[in-house]
């Protein structure tokens with residue numbers, strides 16, 4: 001059943017799909033949404049820097065008004081960059097958006113830079129580490145385990161995972177003696193390109209770069225990506241032959257998935273990572289019986305509610321912990 005579900009939703013199963021892709025710049029028509037969102041985020045950064053460098057002209061007074069603008073812009077930019085790296089580029093890392101390799105390469109390099117990531121580093125940590133070693137000890141992208149096997153605290157993970165832990169692990173992995181020389185060479189090259197791109201705002205206005213470049217990157221990773229990563233796998237365990245969907249939580253909020261490239265269908269995504277993001281709702285419906293039978297954790301809300309409940313639960317709120325653990329009513333296994 002599972003194999004048929006994945007096979008039946010392969011985007012390249014339609015007649016003449018290869019020919020259609022050869023004639024198109026986009027590998028999948030739905031990926032236009034990804035491109036538009038990315039370009040919109042870059043435009044938002046450009047507009048924010050323009051306003052910052054023309055504060056007097058647009059009527060922003062020094063002092064409190066400037067601080068209020070910088071904080072408000074940083075929060076918006078950070079939220080958008082968190083979606084960029086954690087959701088939008090995430091889709092590109094699994095299935096390239098363009099049919100031209102050079103477009104994938106250079107678009108990717110501009111995709112994550114606003115969130116403080118070389119694209120190759122993020123792709124490596126997500127695909128090579130997280131997906132290959134999901135919930136195993138080698139998966140250093142997720143929270144650490146305590147001595148009794150439990151995850152570390154929500155707030156501790158969010159504050160420490162980026163850039164501190166990621167930097168250390170990436171340094172060791174990409175410079176390891178067992179790493180292929182080509183991998184190490186590519187890592188150096190991609191980091192140099194990233195450093196050149198990331199330094200541009202500092203040549204425009206160093207203070208503005210701290211407010212509208214560095215601070216949004218911190219917000220993106222610590223306040224947006226980290227809570228999402230925690231929520232995606234909180235309370236789950238590594239998959240096995242009899243428990244295919246036990247590794248991830250699935251979030252069924254229609255509004256959340258509509259605005260977040262269906263990232264809420266996370267158990268489905270990790271089980272079939274090469275299924276296109278636009279096909280995940282259909283795959284979810286095909287797999288519903290298996291999700292119910294395995295008692296997969298499916299909740300009716302999205303990541304925002306999930307992160308809120310997990311943060312409240314971390315502070316000892318029993319009601320929040322109970323709401324998080326409750327199953328979506330449509331996915332409760334019937335008693336025999």
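Nothing in this text is a laboratory measurement; each read-out follows from the coordinates by a stated rule. Source: prediction; values computed, not measured. Ideal geometry is used to build each Cβ from the backbone, glycine not excepted, and the neighbour counts take in all protein chains shown.
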As an exercise, find the ratio Rg/Rh for the stretch 77-175 from alpha-carbon atoms, using the Kirkwood inverse-distance average for Rh. 1.00
Where does each of 76-82, 193-199 land if you order them by average Cβ count within 10 Å, highest first? 76-82, 193-199
Most exposed to least, judged by fewest other Cβ atoms within 10 Å, 305, 175 sort to 175, 305
Assertion target for 38, 269, ordered by fewest C-beta neighbours within 10 angstrom first, is 38, 269
Among 90-102, 160-172, 50-62, how do they line up by average Cβ neighbours within 10 Å per residue, starting with the highest? 90-102, 160-172, 50-62
Rg and Dmax of the stretch 2-331, using alpha carbons, in Å: what are they? 20.6, 64
Calculate, in nm to one decimal, what residue 60 and residue 191 gain on full extension: separation in residues at 0.36 nm each, minus their alpha carbon distance. 43.5 nm
Roughly what angle does helix 181-204 make with the longest principal axis of the chain, taking Cα atoms, 0 to 90 degrees, to the nearest 10? 50
Calculated [θ] (222 nm, deg cm²/dmol) that DSSP helices of n ≥ 4 give over the chain, each run adding -39,500 (n - 2.57): -15500 deg cm²/dmol
For the stretch 2-331, averaging the sequence separation of alpha carbon pairs under 8 Å that lie six or more residues apart and dividing by its residue count, the contact order in percent is 20
Which FRET efficiency, nearest 0.05, do residue 200 and residue 47 yield, Cβ-Cβ r, R0 25 Å? 0.95
Tilt of helix 64-83 relative to the longest C-alpha principal axis of the chain, in degrees (0 to 90, nearest 10)? 40
Taking every pair of alpha-carbon atoms in the stretch 290-336, give the share separated by more than 17 Å as a whole percent. 39
In degrees, nearest ten, helix 32-53 long axis to first principal axis of the chain (Cα): 30
Would you mind ranking 271, 250, 112 so that the residue whose beta carbon has the fewest other beta carbons within 10 Å leads the list? 271, 250, 112
